[in-house]
Amino acid sequence: QVQLVEFGGGLVQAGGSLRVSCAASGRTFVMGWFRQAPGSEREFVAAISWSGGYIYYADSVKGRFTISRDNAKNTVYLQMNSLKPEDTAVYYCAARSVFGVANRREDYAYWGQGTQVTVSS
């Protein structure tokens, strides 16, 4: 069984940066980030393969967000730069115990509790 715990959410001004982290217990292959704003569906943000060789971003964050992982620490990171008010959401870490980078919620079996990111204008 895999457990995921997110860290690092908070309040930041537009144009600022924030990094969120997710520590996993148990073996994971693909790890990803999703987000959910009030009144909206949970949407894909980014995903990374175990080796880091395959990375996938949503168009809305491409060029601003960077996903990375440290397998020795079993941790995945999401560095968020040039933040916009529309990036405000609860950010969820997710993991797959199979290979294959994916961008659909149903492809991920394990989820963290979420961390709030608020970007003020």
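The values are calculated or read from the model by the stated rules, or taken from the named source; none is laboratory data. Remember, predicted model here, so these are calculated numbers, not experimental data. Counting neighbours? That spans all protein chains shown, and the Cβs are built from the backbone with ideal geometry, glycine included. All accessible areas refer to the heavy atoms of the entire protein, side chains included, with ligands and DNA or RNA removed. Shrake-Rupley method; radii C 1.70, N 1.55, O 1.52, S 1.80 Å.
Over all directions, the average projected area of the alpha-carbon convex hull for the range 74-121 comes to how many nm²?
For the range 74-121, the mean projected area of the Cα convex hull comes to 4.2 nm².
In the full protein assembly as shown, how much of Ile55 is accessible to a 1.4 Å probe, in Å² to the nearest 10?
80 Å²
Dipole of the chain, Cα-centred, from +1 at each Lys and Arg C-beta and -1 at each Asp and Glu C-beta, to the nearest 20 debye?
Charge dipole of the chain: 220 debye, to the nearest 20.
Using θ = phi - 60° and the Karplus curve 6.51 cos²θ - 1.76 cosθ + 1.60, what whole-Hz ³J(HN,Hα) does each residue of the range 46-59 get, with Gly and Pro shown as x?
Those phi angles translate into 6, 8, 9, 6, 4, 7, x, x, 10, 9, 9, 10, 5, 4 Hz.
Each residue of the range 76-82 in order: what ³J(HN,Hα) in whole Hz does its phi give by Karplus 6.51 cos²θ - 1.76 cosθ + 1.60, θ = phi - 60°, with x for Gly and Pro?
10, 10, 10, 8, 10, 10, 6
Heavy-atom accessible area per residue, the chain, 1.4 Å probe: how many Å²?
51 Å²
Considering the options Gly32, Leu11, Gly52, tell which one lies farthest towards the positive end of the dipole of the range 1-61, charges being +1 on Lys and Arg and -1 on Asp and Glu at the Cβ, about the Cα centre.
Sorting the options by dipole projection puts first Gly52.
Take Tyr57, Tyr91 and sort them by solvent-accessible surface of the protein heavy atoms, 1.4 Å probe, largest at the top.
Tyr57, Tyr91
Could you work out how much longer the chain between Gln113 and Lys84 gets when fully extended? Use 0.36 nm per residue separation minus the Cα distance between them, nm to one decimal.
Full-extension gain reported as 8.1 nm.
So what is the relative contact order for the chain, in percent, with contacts set as C-alpha pairs under 8 Å and at least six apart?
Result for the chain is 36 percent.
Compute the Rg/Rh shape ratio of the range 1-112: radius of gyration over Kirkwood radius, all on alpha-carbon atoms.
Result for the range 1-112 is an Rg/Rh of 0.94.
Once you keep just the Cα pairs under 8 angstrom separated by 6 or more residues, what percentage relative contact order results for the range 41-94?
Relative contact order, the range 41-94: 23 percent.
Let me see the P(r) profile for the range 1-54: every Cα-Cα distance counted, bins of 5 Å, each bin given as a percent of all pairs.
Spelled out bin by bin, the range 1-54 gives 4, 14, 19, 26, 21, 10, 5, 1 percent.
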